[in-house]
Each structure stands twice: as structure tokens, then as C-alpha cells.
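Engineer: Following this message is one structure expressed as C-alpha cells.
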Ligand code: SAM
């Protein structure tokens, strides 16, 4: 059995009792960064061995991991924060397990885009999750596609590119399009600001933008 175990996106209280039990009971925890996950496991006095599983080795090790799972070794996959597979490694391993008939269970738990979307006050009945935009090639094509969507869309963005991204969104969506910047969710300096793209640009131009960011943008019309 492979368990996908969501971990906190900031506040260490945001982990479920089942997540803690599974992390304790499996034979191995596959982790994006073993040092980050060791700190988390130490916090909960969990001593399960960790093994690296990240974007740079997943292609090389995926079949070996599935062999072990198929032979009866239970494992959990965690990423640095949030739900594995959501803008993080996970998809390759899950696809390989599904193809080989290895049972996969994804525990419900933290992910950054859901609290951002729901707290934004923008329509959340239908939405598009984009994750990170490409930095260069293909970025404009994606932005134009997103601008034409009739429903809310969600982006992950780095604080260093927030102002550039707001400018790009203003160019394709117009300055008055409602949007939200959700920063440092579940952390001490959490900020969720909903306004027009132009107002967000003015607001975030006044100070150095720090921390992790989710952007939510209303659909066309
Ligand atoms: N797997 C994660 C999830 O389930 O949301 C996403 C991992 S992705 C590599 C990291 C990005 O998620 C950050 O750059 C940011 O856009 C977003 N993010 C993660 N934690 C956040 C937080 N506490 N507040 C706002 N955004 C966050």
C-alpha cells in the first residue's frame, strides 16, 4: 500500500491524527527533502526511516519503489508541505502504482490552494487550478488562456515574481478584474487580500513581498 500523506503548509497543528498514525506505522516514508521531513517527524516523535524521493530522482527510482510496494512493504509519500502530487512529486509514483495494481490511498489534508480559494470570496463553485506558470517559454500563452476562462483560476507564485505577475495579469485580464493574493497561509503573518488587480499591484508595491503566495483570479465577466 502507498499512502499519500499531506503535511502542514505552515502551522504544525494542521496534521490529522490519521496522518500521524500512518507515518508511524509504515516501513518507510518517501520524502521530497529528508531533512525537512525529519524535523516534522521529530516534532511528533516518529522514528520511521526516511528515504529521498524528489523531482531529481523519481524517474530513476520509481520502478524499484513500486517493486517494493508490490512485495508488501507499506510506504508513505510526503512532500515538504501540503499534499504530494499538487505542484510536488507524486504523480509518477501514483501512476506507476495504479498501472501495477498497487493500492494507493491519499489522506485528506492540507494543501495551499483550497484555503486561498475559499477565503478569497471569489466564486469557488467551479475553478481551474493552474499551479506554477512556466517562467519563460509558454508563459504568455498560458496567461492568455487563463484570462479567457469563465471561472476562477488559481496560481502558485513566488514572492519575487508577484509584482511582475500582477502586471502580466493586468495586461491580459484588465486592471479591474477581481483577484486575491493569499500570503503565508496558516502562519503568523497570514494575509488574504481581495481587490482589483490594479489595487493589489498598488498594495504590494508599498512593501517588500515576503513568504509563500497563492493567487486567485476571478473568471472573465
Ligand atoms: N504541495 C503543496 C500544496 O499542496 O499546496 C504545494 C507545493 S508548491 C512546491 C509550493 C507553493 O505552494 C508555494 O510556492 C506557494 O505558492 C504555495 N504555498 C505553500 N504553502 C503556502 C502557504 N503557507 N501560504 C501560501 N501559499 C503557500
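The values are calculated or read from the model by the stated rules, or taken from the named source; none is laboratory data. Computed from a prediction, not measured in an experiment: that's the story for all the values here. With ideal geometry, Cβ positions are generated from the backbone for all residues, glycine too; neighbour counts draw on all protein chains shown.
Engineer: Does residue 138 qualify as being away from the ligand (no atom under 16 Å from the Cβ), out of contact with any strand residue (DSSP E or B) (no Cβ under 9 Å at 6 or more places or on another chain), farther than 19 Å from residue 33 by Cβ and not assigned by TED's automatic domain parsing to the domain that holds residue 173?
Structural biologist: The answer is no for residue 138.
Engineer: Could you give every pair whose Cβ atoms fall below 7 Å, whose first residue belongs to the stretch 76-91 and is assigned by TED's automatic domain parsing to the domain that holds residue 35, and whose second residue is in a helix (DSSP H, G or I) and more than 7 Å from the ligand (Cβ to nearest atom), counting only separations of at least 6 or pairs across chains?
Structural biologist: Once the first residue is assigned by TED's automatic domain parsing to the domain that holds residue 35 and sits in the stretch 76-91, its partners that are in a helix (DSSP H, G or I) and more than 7 Å from the ligand (Cβ to nearest atom) give 76/22; 76/23; 77/93; 78/37; 80/36; 85/91; 85/94; 89/58.
Engineer: Can you name the condition, by its number, that residue 194 falls short on among (1) within 30 Å of residue 12 (Cβ to Cβ); (2) out of contact with any strand residue (DSSP E or B) (no Cβ under 7 Å at 6 or more places or on another chain)?
Structural biologist: Tallying (1) within 30 Å of residue 12 (Cβ to Cβ); (2) out of contact with any strand residue (DSSP E or B) (no Cβ under 7 Å at 6 or more places or on another chain), residue 194 fails exactly one: (2).
Engineer: So, one more: Going through the stretch 197-220 one residue at a time, which ones are more than 16 Å from residue 117 (Cβ to Cβ) and away from the ligand (no atom under 16 Å from the Cβ)?
Structural biologist: 197, 198, 199, 201, 202, 203, 205, 206, 207, 208, 220
Engineer: I'd like the residue in the stretch 152-192 that is under 20 Å from residue 118 (Cβ atoms), under 20 Å from the mean Cα position of the chain (by Cα) and assigned to a loop (DSSP other than H, G, I, E, B) and, out of all such residues, is farthest from the ligand (Cβ to nearest atom).
Structural biologist: 189
Engineer: In the set 38, 64, which member is part of a helix (DSSP H, G or I), within 19 Å of residue 101 (Cα to Cα) and without any contact (Cβ under 8 Å) to a residue 24 or more places away in the chain? Show your work before the answer.
Structural biologist: Values: 38 fails: within 19 Å of residue 101 (Cα to Cα).
Just one listed residue meets the conditions, 64.
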